[in-house]
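The values are calculated or read from the model by the stated rules, or taken from the named source; none is laboratory data. Just so it is clear, the structure is predicted and the values come from calculations on it, not from any experiment. Because the Cβ atoms are built from the backbone with ideal geometry, glycine has one as well, and the counts that use them run over all protein chains shown. Accessible surface is based on the protein model in full, side chains and every heavy atom, while ligands, DNA and RNA are left aside. Shrake-Rupley method; radii C 1.70, N 1.55, O 1.52, S 1.80 Å.
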Amino acid sequence: MIPDEFILQLIQQSLNDLGYSKISDDLGNEIKSKRLAITNSNSNTGLSSSSSSSTKSIHVERAQIKLINWFNDELKAGNYLTIESYLLAVLQNIDNTNTTNTYSNNQEVNFIDVLVTTQDPKTTVSIILYLIRRVSFLESYMLQSSTESPQVFIRYLTDRLMPLLDDLAPKLSDATSSLTNHHHDVIKPDVDIDHHDGDDVTGSGDADIDDEFNYSSDNEYNFNPSISTSNSVADLTNIFGKSVLSSLTREKESNLLLGFALDFKNLLSSSSSSSSSSTDSSLISTFLSKYLFNLSNLFNPNNYTPIISNNTTGSVNLEHIILIIRETLITKILDKIFKLNDKLKTFNHFYNVPPNYLKKIIENSNNYQKHQNPYFLPPRTKFDLDNNINPTNTNSTKNIDLDPFLLGTANPNLNSNSNSNLKHLNHFFKSTYFPNKLLHSLNYHTDEVWFTKFSPSGNFLVSGSLDGKLIIYDVLNEFKVLKILESSTLLDNQALVPFSSKPTSEKSKAVIYCCWDPQERYLVSCCLDTVVRVWYVDEIHNLSAAATASKRRKRTSSSTTTITSKNEPISSASNITTGNATSTESGFRLVSCFTLGQEIKTWTCEFLPNLNNSNRPQFVIGSPDKVLKGFDVDGVELFDFYANIEEDDEDDEVDVHNHSGLNTDGDNKPKVSSSASEPRPSSIGASTATGAANDKEGDVQMKDEYDNDDGDKSKTASSNIKKKLESSFNRINDITITPDGKFLITADSDHQLHFYKIPNVFNQESSTKRVASIILTGRLTSCSISKNGKYLLVSSAPEELQVWDISGLSIGDYNPILYRKYFGHSQSGYIIRSSFGYLVDNSSDSLDNNEEQLILTGSDTGYIYFFKLHTGQLITRVKGHNGLCNCVDWNRFGKQSHANSIDYGKLWSSVGDDKLVKIWGPF
């Protein structure tokens, strides 16, 4: 249960954070008044209402409370001259117990009676006077050191502080020698800092510093301490504590205070040069602790956020530091000098409430509730984040100021607990955040579309089809077609790499897969005729820039919608520059083409991150015919992964399920075959039906290639060698490469994921090592890696997706962890590719930043399924295509240029057997 005192202190701190300090003070006074009323009511229980002694006692107590409040208010306001004059008068008249001291409005109270009872009140008052002068010195130096001579402050030390310590020395020496026998408990810090608007921070109004530092010697009280007793020592220790009393010697205080100027100068210079507020907070915490008697446990660096600001003195807010010093003087150093302090406490316990804590609590609660809604997506860019933080921002494109959680309910006319309200919340987030609206339907292909991929910058999109064409679209200009790439026998012959096997001309050039190089200058396509084609496409940048400039020139005040119906193209195909790319075309040409060998299929490829900014990018080709090689864009073979695997010292046996061959699954559509008539790749091996039944129990089996498998001792050496060789060659359906370019992952037709080290350089001395393998029960059709390299997404037919945590690879931990499974879709026979979606890149320190939030996949029913990455929730599905939806891809690296511009990182594409390329988003 949360204590009421914590809630009240949280409210006070929040009022101060919002700039309502006066209201915070009023609340504190109201709490005190209520506590005093309860105390007085309890003390009067059982007394006659006519008791004159009781009435007189209450009257005296109220007068004393008034004096204490006046004393503390003057200290809070920094009116140290007033307090010093009053204390000097007290010291001069302290021997006359009948003398009272006027302090305010002619109200007369005996100050000694207000103090905690001691055998030596003179020493108590003198110590109070010294501590107040000491704080006055610190404040005055911080505020006036830039305008006053250092001699002024040195004179104050020698004339006003040190003589008082000399007079106190006999008494304090007795006290400090006895401190080891006493213990003083320091109360918990009160982080609420009360201050009044309009108070003079200097504490001396318009008075000159000399007026504050130079007093008439006639007003000084020459203290002559009496002989100390053990009781008076105990009294002083109980009032001021060990930390304070042990510091009050001429040697310690003079050395400390003379060094204040240098420390203060270092604080200003260090914090102004620091770029981190946490560093500034630590410096301020150390500074305050040093000069407030090393009460380091009272200063939490996390509470110093309001102290850091751009000020004339650097990045330190001096006014706030001074308020903390005054509050510390009242509530920590002089907190036990008055008898009635317990009654005057605002609270019994003080909690360490950080600044802006209530706001943080509300933000966390709001974010938690939002994240529980399946349709909510966090702010993706810094512009979304700014709009989310400042919901009243008039530039916001969303009605975030109508956030249902901030209003308390999504619909004021509905009960907040009703099912209809939950539906309204779902509708709110689905319509506000979720990008599942069809924006463009592109019909430039003449046959089934099998693949789609956004470029690394997010500015371009490519699609590949059974018609043999690669079509490049301009994302920034409403997906207008920039180029159609289609090879021919003539082009192939011109670009064919020497010594490469020539493909059979009758075979279909259908595009199975393609990939962009990191600089978007090359496209590599894997085709059904077994040919790998490398296209030079650098001209797309110039074409896109020209289209953007033209659009800006022609832009009018009236806007035209770009959303089309699902069956209408956004422009006529006759307006597109068509024709084959030839070697003479500037900016577009077929650089090279080659095969991996006679009748060796090529199903997947991936460029290596161009970490060395090479002009000849390199990529890896994977084949279901057990080939895994690296090439450059000229078609030169650089590295054979299977031929250069390092052998382990031990004889490891790799347990694999080898499902090879081809088949059909009963329909009239042919799968992969030698036929040229409309073939397409299938993920099903010949022994799939029996293989699944023979799999070992359990959905997942893990193998670390470094683990030693003893094997069957009766097996012959030749059998072991044969098995090892067979296990090193796998039928590859898909590959992916980690963002750092250090690991290659393959998804094989034999239900396995394999992890290979990528050598730093591809040459004759290079080698690779298979560091880990995962055996699954499903047929693996595609794999991809999240932007931060932490997660691996695997499509496992017939109805499952899996995400593996592979973050350990970067630190040498080669044991991937199954993170989440996703169910609901179906892919019975063909390769269907999934994708990570909605990359958060808002430059914040939130857990969501630099991570995708969604998983998308197509299906053999044409539906597209959405899952939450971190919860596994199946959020929704949308009907994307008639027939199969073969591939989906999210524009994860799309940008947003300014607050009111389109966020291209919220767009995604899908392709299907209905010959359409569809663009989806939230707009």
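Got at least one residue in the range 94-113 being modelled with pLDDT of 85 or more, open to solvent by 30 Å² or more (accessible area, probe 1.4 Å), farther than 23 Å from LYS265 by Cβ and not in a helix (DSSP H, G or I)? No. Determine, yes or no, whether HIS881 is part of a loop (DSSP other than H, G, I, E, B) and closer than 26 Å to LYS469 by Cα. Spelling it out, HIS881 is indeed part of a loop (DSSP other than H, G, I, E, B) and closer than 26 Å to LYS469 by Cα. Report the residue count in the range 469-506 for those that are out of contact with any Gly (no Cβ under 9 Å at 6 or more places or on another chain), open to solvent by less than 50 Å² (accessible area, probe 1.4 Å) and in a loop (DSSP other than H, G, I, E, B). The total comes to 5. Being open to solvent by 50 Å² or more (accessible area, probe 1.4 Å), acidic (Asp, Glu) and at pLDDT below 85, is that true of even one residue in the range 211-228? Yes, that holds for at least one residue. Cβ-Cβ distances below 6 Å connect the following pairs, each with a first residue in the range 796-819 that is among the small types (Gly, Ala, Ser), a second residue that is open to solvent by 10 Å² or more (accessible area, probe 1.4 Å) and in a strand (DSSP E or B), and a separation of six or more residues or different chains: ALA797/ARG779. Within the range 839-859, not a single residue is in a strand (DSSP E or B), touching an Asp or Glu at 6+ places or on another chain (Cβ under 6 Å) and within 28 Å of LYS769 (Cα to Cα). Is it true that some residue in the range 45-62 is closer than 16 Å to ILE337 by Cβ and modelled with pLDDT of 75 or more? No, that holds for no residue. Looking across the range 125-147, the residues that are out of contact with any helix residue (DSSP H, G or I) (no Cβ under 6 Å at 6 or more places or on another chain) and open to solvent by 10 Å² or more (accessible area, probe 1.4 Å) come down to LEU143, SER145, SER146, THR147. Look at (1) closer than 24 Å to ILE645 by Cα; (2) of a type outside the set (Ser, Thr, Tyr); (3) touching a residue at least 40 places away in the same chain (Cβ under 8 Å) and you find that GLN764 fails only one, number (3).
When the range 900-917 is filtered for residues that are open to solvent by less than 30 Å² (accessible area, probe 1.4 Å) and in a loop (DSSP other than H, G, I, E, B), the ones remaining, listed by number, are SER901, ASP903, LEU907, ASP913, LEU916. Within the range 724-732, one or more residues are assigned to a strand (DSSP E or B) and modelled with pLDDT of 80 or more. Taking the criterion of being under 25 Å from ASN426 (Cα atoms) and assigned to a loop (DSSP other than H, G, I, E, B), the residues of the range 342-375 that qualify are ASN373, PRO374, TYR375.
When each of VAL524, VAL532 is tested for being over 39 Å from the mean Cα position of the chain (by Cα), in a strand (DSSP E or B) and either among the hydrophobic types (A, V, I, L, M, F, W, C) or modelled with pLDDT of 95 or more (or both), the lone residue that passes is VAL532. Annotation: LEU809 fulfils all but one of (1) modelled with pLDDT of 95 or more; (2) under 27 Å from LYS757 (Cβ atoms); the unmet one is (1). Count of the range 507-519 residues, restricted to those that are in contact with a Pro (Cβ under 8 Å, 6 or more places away or on another chain) and open to solvent by 10 Å² or more (accessible area, probe 1.4 Å), is 4.
Would you mind stating whether ASP805 is buried (at least 22 other Cβ atoms within 10 Å of the Cβ) and among the acidic types (Asp, Glu)? Here the answer is no, as ASP805 does not meet what is asked. When LEU628, LEU596, LEU608, LEU638 are checked against the criterion of being open to solvent by less than 40 Å² (accessible area, probe 1.4 Å), farther than 19 Å from ASN733 by Cβ and either aliphatic (A, V, I, L, M) or at pLDDT below 90 (or both), LEU608 stands alone in meeting it.
Scanning the range 341-383 for residues that are open to solvent by 20 Å² or more (accessible area, probe 1.4 Å) and under 30 Å from THR117 (Cβ atoms) returns ASN341, ASP342, LYS343, LYS345, THR346, ASN348, HIS349, PHE350. Is it the case, given these coordinates, that ASP740 is farther than 20 Å from SER834 by Cα and in contact with a helix residue (DSSP H, G or I) (Cβ under 9 Å, 6 or more places away or on another chain)? In short, yes.
Only residues that are part of a strand (DSSP E or B) and closer than 23 Å to SER508 by Cβ were counted across the range 607-628, and they come to 5.
Can we say ASN443 is modelled with pLDDT of 70 or more, open to solvent by 40 Å² or more (accessible area, probe 1.4 Å) and closer than 15 Å to TYR904 by Cα? Criteria not met by ASN443.
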